[in-house]
């Protein structure tokens, strides 16, 4: 019986991990969350690659929640991406050698990275 309960608990944990991989929830402004599905991440990455924006060179490491220096220029997310995920309205992006970052242009905070 204990083995059956252990197996059921392990299965529940594994299925929860699989669900967690399908959508990424990130924090934007205080109390605001933005969910970006893997398919949307792929679309954003493709868009950024096609735009051929020159990557920004940063002196410090950028992480989710960090503030981007004022000398970094942002590009608005296109309406096609915002139409698929209205929670991204008002956010911008920039690219660096470390990846693509979605930012809140008002606070200059990174809300998520796009690998």
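The values are calculated or read from the model by the stated rules, or taken from the named source; none is laboratory data. Here the structure is a predicted model, which is why all the values come from computation and not from measurement. When we count neighbours, we look across all protein chains shown, and the Cβ atoms used for this are built from the backbone with ideal geometry, even at glycine.
Numerical summary
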item: Selection within region 44-72 - more than 17 Å from the chain's Cα centre (by Cα) and assigned to a loop (DSSP other than H, G, I, E, B); result: 52, 53, 54, 55, 57, 58, 59, 60, 69, 70, 71, 72
item: The one condition in (1) over 18 Å from residue 113 (Cβ atoms); (2) modelled with pLDDT of 90 or more; (3) part of a loop (DSSP other than H, G, I, E, B) that residue 31 fails to fulfil; result: (2)
item: Selection from region 73-90 of residues that are within 17 Å of residue 51 (Cα to Cα) and either in contact with a helix residue (DSSP H, G or I) (Cβ under 7 Å, 6 or more places away or on another chain) or part of a loop (DSSP other than H, G, I, E, B) (or both); result: 73, 74, 77, 78, 81, 82
item: Given (1) modelled with pLDDT of 90 or more; (2) in contact with a strand residue (DSSP E or B) (Cβ under 6 Å, 6 or more places away or on another chain), index of the condition residue 41 fails; result: (1)
